[in-house]
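The values are calculated or read from the model by the stated rules, or taken from the named source; none is laboratory data. Since the model is a prediction, treat every value here as computed from it, not as a measurement. Accessible surface is based on the protein model in full, side chains and every heavy atom, while ligands, DNA and RNA are left aside. Shrake-Rupley method; radii C 1.70, N 1.55, O 1.52, S 1.80 Å.
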Amino acid sequence: MSPLMKLAVLAQMTATMFTARVRQAAMSDERGSTTVEKIIITVVVAGLAIAVGAAITGLVNGKIAEMPK
């Protein structure tokens, strides 16, 4: 096997081992998962609150527009 081929095989093996270690570390590291979940829930709740507020504002403005002057 040529030296260049040996270097290519070594590089591929190193990359494969590095990728496996990164995946293993990512799977076992759950330190930030609750924070991400809380952020997602907060964004969804805030979006719902804005939607409800806009709906209520629309209803109130509609009733005000119907009132005789």
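Report in % the part of the accessible area of the chain that belongs to carbon and sulfur, leaving out ligands and nucleic acids; probe 1.4 Å. Don't skip to the answer; put the middle values down first.
Values: 4720 of 6470 Å².
Carbon with sulfur: 73 percent of the solvent-accessible area.
When the Karplus curve 6.51 cos²θ - 1.76 cosθ + 1.60 is applied with θ = phi - 60°, which whole-Hz ³J(HN,Hα) does each residue of region 5-14 get, with x for Gly and Pro?
5, 4, 5, 5, 5, 5, 5, 5, 5, 5
Report the Rg/Rh value for the chain, based on alpha-carbon coordinates and the Kirkwood definition of Rh.
1.61
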